[in-house]
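Read the structure below first, then the notes.
Derivation of every value follows stated rules applied to the coordinates shown; laboratory data play no part. Every value quoted in this text rests on a predicted model; they were computed, and no experiment measured them. Please note: Cβ atoms are built from the backbone with ideal geometry, for glycine as well, and neighbour counts cover all protein chains shown.
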C-alpha cells in the first residue's frame, strides 16, 4: 500500500473529482477527506482493502446504537 495520503477538503474533491478518481484508481494513492467536524474519510484503491488492520467508529449519540 502506498503510505502517502493526500489531504483534501470537500470543495477540492467536488471540483477535482475525476482527477482524484484517477489518482486513487490509477496511481494507487490514498486520499483523506477532512469533514467539517474534524473526522476523516479515507478513499483508497479497492486492492488495498485487505491491508486495513482496524478501524474505529465512535458513537457521538446515544441514539445511534439504540435504534
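Here the label points at residue 17 and residue 40, each 7 Å from Cα along the C-beta direction, are separated by 2.4 nm in the simple model. With each label modelled as a point 7 angstrom along the Cα→C-beta vector, the residue 32-residue 10 pair spans 1.9 nm.
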